[in-house]
1. Taking a ≥ b ≥ c as the square roots of the eigenvalues of the Cα gyration tensor of the range 281-438, is the shape rounded (a/c under 1.5), prolate (a/b larger than b/c) or oblate?
2. Might you report the magnitude of the Cβ-based charge dipole of the range 63-167 about its Cα centre, with Lys and Arg at +1 and Asp and Glu at -1, to the nearest 20 debye?
3. Taking the alpha-carbon centroid of each part, what is the distance from the range 153-198 to the range 300-348 in angstrom?
4. May I ask which residue of LEU46, HIS657, TRP608 lies farthest towards the positive end of the charge dipole of the chain, with charges of +1 (Lys, Arg) and -1 (Asp, Glu) on Cβ and the Cα centre as origin?
5. What share of Cα pairs, in percent, lie more than 40 angstrom apart in the chain?
6. Which of THR566, TRP619, PRO553 sits closest to the plus end of the dipole of the range 539-650, meaning its Cα is farthest towards the positive end, when Lys and Arg get +1 and Asp and Glu get -1 on the C-beta?
7. Over 29 Å between C-alpha atoms is what I'm after, so list which of LYS160/LYS649; LYS296/LYS421; LYS96/LYS409 land there.
8. Starting from the 7 Å offset along Cα-to-Cβ, what nm value, one decimal, do you get for the label separation of ARG337 and SER149?
Amino acid sequence: MKKLVLFIAFVYGSIGWGGNRSFAQQIDRYQVVTRNNPHVMGMDSLSSLSVGNGGFAVTVDGTGLQSFPKAYAKGVPLGTMSDWGWHSFQNPEGFKEEETWKEYDFGRGHKEIYATQIKNDKRKKAAADWFRVNPHRLHLGTVGLSLGSDPRQVKNVDQKLDMWNGIIRSSFEYQKYRYQVQTVCDPERDMLATHIISRGIASGKGGKVAVDVKFAYPTGGHCDDACDWMNDQLHSTTLVAHTAQSATLKRVVDATLYYVVLRWEGKAALKQKGKNFYQLVAKGNELSVSCEYLEKLPVQVSPDKCFPQVASDAKAYWNRYWKQGGIVDFGLCKDPRARELERRVVLSQYLLAIQDAGDTPPQETGLTYNSWFGKFHLEMILWHQLQFATWGHPELLDRSLSWYLKAEKNARKIAERQGFKGVRWMKMTDPDAGEAPSSTGSFLIWQQPHLIYLAEMLYRANPSPAVLQKYGRLVEETAQFMGDFATCDQVNNRYTLRGCIAAQETLPAATTVNPPFELSYWHFALEVAQQWRERLGKQRDAHWEDIIRKISPLADKDSLYLAAETEPDTYRKERMFSDHPAVMGAVGVLPLNVAQVDLAKMKKTEQWIWKNWKWATSWGWDYPMMAMCAARMGEPQNAVGALLMKQQKNTYLVSGHNYQDARLRLYLPGNGGLLMAVGMMCAGWDGSTHPNPGFPQDGNWNVRWEGLKPVSYTHLRAHET
């Protein structure tokens, strides 16, 4: 599959769409990337580094491997995770999805059945809890050096991630020995490879090299490293094949089955040290080993690979990745903040390529550790992955967007039981497109238009019949639901949105009417869907056209846009200017629709939010959302200021991960939002007329870039300026 992706990448890259800048001197991409390589100097649980290929990733500690997983569990954990690796606990009570359903009446003329968390019925509560926990993403196993249990004994760590070549090089001292470790991930197979050398610090003579391969039982936790090390009896690891240079382990975790294939060079002995613990001991002071994780053993045996070949393949892959697509060079900027902004941008490009470019939409914590039980959230896919299209890697977006074809059947069932046409995309889900019950998530609607927006960006990258044929039905069915969900207010001759929880989740579903971001998104996505109908030789849909013309304008008071039409005291209630300032998404994330939004009022709203919002309650993607709105309002100082605002949830660790709090030590929607915003601030949007429109034109922001695409929107006729 990944070889096919490389071919698609070539096609997309060859076709493209505008957006390149000409500079007096070509950007030295190697210099931009490598001057931002992370450098770790100690055993710090928030300084973990990762390698991966988009659908599989491995995170390591300061030793270059997963030597101390328990010590890192509360930091950035040492995960080994994949798109395919999932597990469910047994269901002895026989819970059924229907037990989580509850009827609601939101005034649309029919009852609507939602999967929610029913708390006043013991069995239904237990059913909801079971379906939220199951399935959950599985930690596939750790590969670490045999160094005891105390990371404080590891001294003089000197570790660098070479992003240009996709390899981590680690050096450290343990007891009497100095270790040199190189760590890399295969770009096409779910395989970690490492090369280890140990020498005596004083004598220079070779030391012992041993690698521990350990497996934990899953925890089913809401937000943790997914490793229960205390229940060995609940799972098994069996040696099913063994040669002088390889071993195959069979893993059985309840009903989940997978395999681990170890391959090594030179002489080494594999020993079983526990029920789920194997140790590979080298005969000398040097060891090259690869560890491949497989959902099932292939019918045809794949070619053996060990460290040298994996490292060579990774180098070729990452060199190609950095040479293609977008790059931004802040090296000529005078503003002292530019250096940090460049660091965040380059590291985000790497992290999203290794964590977010698989066959399913990504979870907030990617392939590093579990959040929300490892499930992914479809309202977040825009923040994770729209940047792949604007940064010149649309083939990586196409990988996960293809999952919607698989999810269509379940999305149609959700719409049907709620009395709507088309498909309603679930919020919190898994590879099989199950709907996790939620008292909040099941009522969100802003995930619905994402499919249309992302499909449009793919079409912009490759305006071909193939893209239209692949996603045309999904665009149509998504818009069918949106058209049916909008309520006709005949008294006021308009359409409204009600019976939903807004992106600003402090607003209740029962009383909220016309949240602003959702209103603008409905208008935008339905217009794009009309464009797709025309491209496919169809007539524009009359009902959608009526909604486009009559969708409610954004409600305001005192020339400030409200969090919802039903919240006239938005700027007087503290709870109303916390959480996500989602009104900012109505212009910036989306184009300006003059039938809905007055530019002067939006600018006044943006300025008020900039000065008064309770930013400590916000999330990582709120800062780039603010930046995009500020850029569109002609406020570039605020755009830059938002991206670099000194708030805990706008912190970026040495690895580039966007730290939120003790629960979410990394948050990939923040990284994706950052790239989305910076790309827009550089390459602009449809209708922008001068270079770098999101950066101050004061001589301090000489930002140079290549390969970026504008945040392009389908022309919205008279409604767009």
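1. Values: a/c = 2.25, a/b = 1.24, b/c = 1.81.
Taking the square roots of the gyration eigenvalues as a ≥ b ≥ c, the range 281-438 is oblate.
2. Working: 16 positive and 13 negative charges, 75 e Å.
So the dipole magnitude of the range 63-167 works out to roughly 360 debye.
3. Taking the Cα centre of each part, the range 153-198 and the range 300-348 sit 17 Å apart.
4. LEU46
5. 32
6. Among THR566, TRP619, PRO553, the one farthest towards the positive end of the dipole of the range 539-650 is TRP619.
7. Working: LYS160/LYS649 25 Å; LYS296/LYS421 39 Å; LYS96/LYS409 18 Å.
Over 29 Å apart, Cα to Cα: LYS296/LYS421.
8. Here the answer is 4.7 nm between the modelled labels.
The values are calculated or read from the model by the stated rules, or taken from the named source; none is laboratory data. A quick note: this is a predicted structure, and the numbers were derived from the prediction, not measured. Note that each Cβ is placed from the backbone with ideal geometry, even for glycine, and that neighbours are counted across all protein chains shown. Calculation scope for accessible area: heavy atoms of the full protein, side chains included, ligands and nucleic acids excluded. Shrake-Rupley method; radii C 1.70, N 1.55, O 1.52, S 1.80 Å.
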